[in-house]
Amino acid sequence: MATVLVVDDHAPNRELIATLLRYAGHDPIEAADGEEALASVRAHRPGLVICDVLMPTMDGYEFVRRLRAEPEIAATEVIFYTATFYEHEARGLANACGVSRVLTKPCEPQEILRAVEQVLAQPSAVEPPTEAVVDFDREHLRLLTDKLLAKVNELETANQRLAGLVESAMDAIIAVDQQLRIVLFNPAAEQMFGYRAAEVEGQPLDLLLPQRFRATHGAQVRSFGATNVTRRIMGDLRSVKGLRKNGEEFPLEVSISQSASQGLRYTAILRDISARQQAERRIERLHRVATVLSDVNSLIVRVRERDELFREACRIAVQVGGFSRAWIGLIDRSALQLCLVASAGAPQDGYFEALEALLAQRSAAVVARFDTALALPQPVIVQDRAQTPGLGPITSTAETGAQVWLPLVVAGQTLGVLALHADRVDFFDDDEMKLLKELAGDMSFALAHIAQEERLNYLAYYDSLTGLANGTLFNERLGQLINAAGSHKLALALIDLVRFKTINDTLGRHAGDVLLKRVAERLERCVGHRAHLARIGADHFAVVFPEIRTENELARMFAAQYQHCFGVPLQIDGEELRVSAKVGIALYPNDGSNVETLYRNAEAAVKKAKASSETVLFYNPKMTELVAERLALENQLRRAMERGELVLHYQPKVDVNTRRIEGVEALVRWSRPEAGLVYPGKFIPLMEETGLILALGDWALHRAALDHQCWRQQGLLAPRIAVNVSAAQLHKHDFVAMVSQALKVNGFSHGVDIEITESLIMENVEDSVEKLQALRAMGVNLSIDDFGTGYSSLAYLSRLPAQILKIDRAFIMTMLTDPDNMTLVSTMISLAHSLRMKVVAEGVETEEEANMLRRLHCDQMQGYLISQAVSSEALAMLLPQGVARH
């Protein structure tokens with residue numbers, strides 16, 4: 001191990017060599033210049049000196065000359081370690097001074113260690129130079145020294161020129177030392193930051209950074225020391241910012257590099273890019289507005305509907321133009337109010353709801369701007385909403401920025417405004433306003449064009465007197481309804497006012513016009529859908545009724561509407577007028593499959609009605625007769641219910657093995673005095689159409705409960721009664737309450753269950769299950785009727801609170817001849833038993849069917865084999881005496 005002296009004015013260079021020497025097992029000591037090195041050699045007598053050449057105070061050459069001049073230390077070995085730029089000169093001077101080994105910077109660590117070991121390993125060969133050599137070396141030294149002095153002069157000249165450039169530079173130049181303290185601050189930096197150089201020299205660089213960025217930027221600057229690469233930082237509003245002496249922040253563009261000068265670490269060139277960013281933002285904003293103008297113009301070309309134009313224009317302003325909000329208000333001149341009709345941008349914060357309320361209140365600020373928009377069709381610009389009473393923040397979240405109202409002017413009259421919001425104050429400048437005015441002008445032109453088209457379209461398709469569709473539009477709509485009808489029926493009714501010409505001639509045209517308007521209003525209230533109504537002639541109207549289920553439904557509906565329209569007198573100019581009409585009706589598809597045929601046949605029906613005493617006639621005479629017959633039947637049914645002509649008969653359900661009655665099914669019969677019993681197939685569908693089924697259902701439940709009570713009062717073993725429930729009953733929201741009310745009897749249990757078809761339950765499973773569970777809690781059992789004929793779902797079936805499953809007679813009557821049906825019946829029985837339900841087979845008519853059901857373990861059966869439905873009195877004769885079991 002040897003003591004090695006490392007001489008260099010740069011501490012990092014000394015640290016590098018010293019670290020390598022320690023790694024190799026040597027003991028390094030350090031000196032910063034030649035003077036300090038001589039003292040260290042005298043004190044420590046190192047075995048080797050590794051010395052830089054160019055150093056302050058005393059350079060390497062002078063150090064070696066003085067070293068060799070002192071006999072006690074003259075033999076000390078020296079290695080020069082110098083920069084490549086001085087390599088040739090250094091070797092010449094080294095030879096002249098007695099230094100035989102020169103290493104050039106930068107040098108690989110292995111090469112440095114190899115040179116050290118070689119020099120330490122060889123015997124010292126240092127001898128005082130001879131007189132001749134000394135003379136030669138002195139001359140050589142003089143020449144080399146002159147060269148170095150010339151280079152030094154060049155460097156000084158360059159430094160002076162550089163200092164001049166730094167002083168006169170338009171960009172700020174700042175240099176910092178190793179501790180990131182400011183050591184150079186040129187005049188441009190003084191002007192940029194507002195400090196004098198004397199105020200900041202020696203201060204930390206953080207002084208020029210906003211507080212919130214100091215930690216981040218400090219770490220970023222220090223990280224540049226990892227490389228020698230110059231880095232350029234493009235400043236924007238979110239990254240590099242400077243802090244002026246007055247506290248103002250501003251964006252910077254920074255170029256930073258490591259410094260090669262003694263005592264410096266980094267040099268930075270800074271440029272204030274505030275103006276450039278403002279220009280860039282302005283150009284970008286103008287470009288966006290120009291794009292909005294272009295997109296809206298494209299929209300105007302293709303859009304023919306005002307609301308769509310408004311919606312899309314607002315959307316484009318927000319999504320393309322970058323405005324925070326956009327909205328359009330139209331002026332209601334009768335109320336002197338601005339009404340919001342379209343908007344875009346952040347609707348979820350409640351702003352537009354608050355805006356509508358503000359406009360409705362007509363505050364002083366809104367009225368002022370509203371009146372300005374009416375009086376002068378010029379834009380109203382608010383550069384700072386927060387400072388504008390009434391138009392500032394109107395929500396709980398403060399909103400700042402600018403706003404402009406652009407009037408939409410057609411034929412010199414302001415129709416509305418297009419309002420645009422920006423997030424920044426003082427947003428709207430002259431150049432942008434030129435484009436926005438052009439945008440408002442283009443939209444105003446589009447509004448005028450749309451209004452003109454709307455007027456032309458209105459005259460082409462609507463009756464100018466009543467506002468109803470005319471014949472052209474009605475024919476189009478009728479054709480669309482026919483195409484969409486499919487298998488549904490559709491009715492066309494043509495209405496011809498009676499004696500209209502007489503009224504018009506007697507009371508004048510004005511009274512005739514008022515009459516037509518009043519009739520149109522009444523028809524519209526009756527029909528309910530304006531699109532299904534038209535005025536097709538001077539005193540002719542047309543009505544279409546889509547999706548007619550039955551002719552009887554149409555007849556009842558039109559009879560009621562006719563009475564409302566023409567049964568009440570009209571008051572016109574103080575005169576009371578009674579107006580009647582003749583109506584002809586044609587049905588699709590029976591009377592025609594297209595518009596022309598339906599019209600022709602409906603007109604034929606009108607002519608026939610005008611030539612007769614009838615008010616309403618169908619094109620098909622049989623249809624008129626059928627409707628009349630069905631209306632008569634409906635009236636008879638209503639009277640039958642009032643007179644008590646409807647009765648319940650009961651069909652027994654017996655045990656398959658014992659043939660004992662275990663239950664009965666209630667079936668409605670109509671006992672007509674003049675025609676005897678009428679079976680339900682003749683009148684139940686009509687009752688369902690007319691809604692009478694609801695009253696019938698209530699009556700049937702209550703009648704069954706009363707009959708069950710009567711049997712028990714007679715001491716009979718009364719079976720439970722199953723009553724069928726219709727769709728109209730089950731779908732009523734108060735179905736459970738209705739059943740509860742109908743089953744109220746005194747003294748005994750009601751003994752009534754309900755039967756519902758499988759398909760009816762499946763129409764709304766969740767609602768049906770909830771209602772049926774409520775009935776179950778009231779002691780009402782459930783039978784699923786006609787199982788297997790509809791949509792079967794085991795998942796839903798298992799959820800139903802049902803106790804009985806009834807197999808439809810269609811399976812029973814064919815099971816002996818159709819193996820597939822036999823399999824289905826067997827499967828349904830097994831399924832029901834697995835769900836703990838009893839099984840009832842319907843329509844059993846032969847002993848063979850009964851025997852097969854017994855072998856299949858069916859529980860109960862009903863049908864003509866056992867008994868047809870009989871009256872309550874007849875059934876009582878079949879019931880044994882005893883106490884009922886339930």
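The values are calculated or read from the model by the stated rules, or taken from the named source; none is laboratory data. None of the values given here were measured: they were computed from a predicted structure. Virtual Cβ from ideal backbone geometry, glycine too; neighbours counted across all protein chains shown. When the accessible area is computed, the model is the full protein with side chains, heavy atoms only, and any ligands, DNA or RNA have been set aside. Shrake-Rupley method; radii C 1.70, N 1.55, O 1.52, S 1.80 Å.
Quick notes on this structure:
- Relative contact order of region 574-623, defined on C-alpha pairs under 8 angstrom at six or more residues apart (%): 43
- Close amide H partners of A869, meaning residues 5 or more places away or on another chain with modelled amide H under 5 Å apart, do not exist here.
- Each peptide among 716-727, 604-615 gets the average number of other Cβ atoms lying within 10 Å of its residues, and from highest to lowest they stand as 716-727, 604-615.
- Shown for region 699-740: the carbon plus sulfur share of the solvent-accessible area, taken with all protein chains present and a 1.4 angstrom probe, equals 54%.
- Other residues whose C-beta falls under 12 angstrom from the C-beta of A832 contribute a net charge of +2, scoring Lys and Arg +1 and Asp and Glu -1.
- Net charge of neighbours whose Cβ lies under 12 Å from the Cβ of A700, counting Lys and Arg as +1 and Asp and Glu as -1: -2
- Here, region 463-519 is characterised by an Rg to Rh ratio of 1.14, where Rg is the alpha-carbon radius of gyration and Rh the Kirkwood radius.
- Listed peptides 682-694, 815-827 appear in the order 682-694, 815-827 once ranked by packing, highest mean of other Cβ atoms within 10 Å at the front.
- Mean-position separation - Cα centroids, region 1-75 and region 493-543, in angstrom: 121
- In the context of the full set of protein chains, region 461-521 has a per residue accessible area of 48 Å² (1.4 Å probe).
- Checked against a 31 Å cut-off, the cross-linked pairs K607/K682; K489/K582; K517/K607; K653/K682 give Cα-Cα distances beyond that limit for K607/K682.
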